[in-house]
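Please read the structure below before turning to the comments.
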Amino acid sequence: MQELLGGTNIFLIGMMGTGKTTVGKLLAQELGYRFFDTDVLIEQVTQQPIEKIFTSIGEENFRQIESQVLMEVAACTKSVIATGGGIILRSQNWSHLRHGLIIWLDASVELLTARLANDYTRPLLQKTDLTSRLNSLLEQRRSLYAQGDLRIFINENDTPEMLISRILAKIPSKVISSLEVYQNKN
Ligand code: S3P
């Protein structure tokens with residue numbers, strides 16, 4: 001698999017609560033890749049937890065730092081990068097994501113609601129009806145997530161290990177078809 005990927009980065013995109021961090025760590029381990037999480041990097045740069053950043057400097061400034069962090073991390077190779085759920089919102093971020101293989105972790109709003117019911121760390125989900133908030137965010141974002149290279153749908157009983165084997169099974173055909181597109185263009 002490492003030879004097939006040739007050091008290409010893997011970006012995990014998807015809604016909050018889809019398990020990008022857990023799956024990403026395990027996937028990196030499987031591939032002998034480094035692991036990065038854009039939210040963790042943002043917290044390190046700003047020395048503040050994500051929820052504080054939103055209240056102190058606002059979402060727009062958070063998005064700017066997020067783009068900066070993505071740009072820097074995308075310059076690495078051999079890395080699995082778990083991204084914040086909103087990374088797909090800025091078109092400039094796609095120029096970095098597109099350099100790697102983009103995997104969309106998708107899950108139903110029911111499953112996300114169950115997973116996020118007791119979460120107090122995500123500023124976009126506070127003081128609101130969780131299900132309707134998730135529905136409206138997913139409505140706004142679905143067509144963007146769908147621009148990823150691979151979609152992995154997460155069912156309630158899937159373990160991270162099950163998801164990893166589904167991802168690993170799907171990567172070869174995707175890498176080979178991208179190579180074919182590249183060869184036809186050149
Ligand atoms: C956000 C997702 C969060 C974090 C921030 C905003 C979003 O990351 O970046 O709270 O806009 O969906 P996770 O997807 O890792 O929870």
Choose one of Gly100, Ile154, Thr113: the residue whose Cα lies farthest towards the positive end of the charge dipole of the chain (beta-carbon charges +1 Lys, Arg; -1 Asp, Glu; about the Cα centre). Gly100
Helix axis angle, 160-185 relative to the chain longest principal axis, alpha carbon, degrees: 60 degrees
What's the center-to-center distance, using Cα atoms, between region 105-152 and region 43-94 in Å? 18 Å
Compute the Cα gyration tensor for region 86-186, then decide on rounded, prolate or oblate, letting a ≥ b ≥ c be the square roots of its eigenvalues: rounded whenever a/c is under 1.5, prolate when a/b is larger than b/c in the other cases, and oblate in all that remain. oblate
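What's the FRET efficiency of Glu72 with Ser136 using the Cβ-Cβ distance as r and R₀ = 30 Å, to the nearest 0.05? Please list the in-between numbers first.
Details: r = 31 Å, r/R0 = 1.04.
Efficiency for this residue pair is about 0.45.
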30 Å Cα-Cα reach of Lys170 towards lysines, excluding residues that sit fewer than 8 places from it in its own chain: Lys20, Lys25, Lys78, Lys185
The chain -> Rg/Rh from Cα coords, Kirkwood Rh, value 0.96
Run the reach check for Lys52 against lysines, Cα to Cα strictly under 21 Å, same-chain hits fewer than 8 apart removed. What comes back? Lys127
State, in angstrom, two size descriptors of region 61-120 derived from its alpha carbons: Rg to one decimal place and Dmax to the nearest whole number. 13.6, 36
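How high is the relative contact order of region 25-137, given as a whole-number percent (alpha carbon pairs under 8 Å, six or more residues apart)? Provide the component values of the computation, followed by the final result.
Working: 83 pairs, mean separation 32.4, N = 113.
Reported as a whole number, the value is 29 percent.
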With no solvent and one point on each alpha carbon, what is the Debye value of log10 I(q)/I(0) for region 1-61 at q = 0.13, 0.27 Å⁻¹? -0.46, -1.15
Against the longest principal axis of the chain, how steep is helix 20-31, in degrees 0 to 90 to the nearest 10, with axes from Cα atoms? 20 degrees
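Can you compute the charge dipole magnitude of the chain about its Cα centre, using +1 on each Lys and Arg Cβ and -1 on each Asp and Glu Cβ, nothing else charged? Give it in debye, rounded to the nearest 20. Could the numbers behind the result be given before it?
Numbers: 19 positive and 20 negative charges, 66 e Å.
Dipole magnitude for the chain comes out near 320 debye.
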Which of the peptides 88-99, 21-32, 115-126 is most tightly packed, and how do the rest follow, going by the mean number of other Cβ atoms within 10 Å of each residue? 21-32, 88-99, 115-126
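A short reminder: the numbers here are calculations on the coordinates, not readings from a lab. Being a predicted model, the structure only gives us computed values, none of them experimental. A quick note on method: Cβ atoms are made from the backbone with ideal geometry, for glycine too, and the neighbour counts reach across all protein chains shown.
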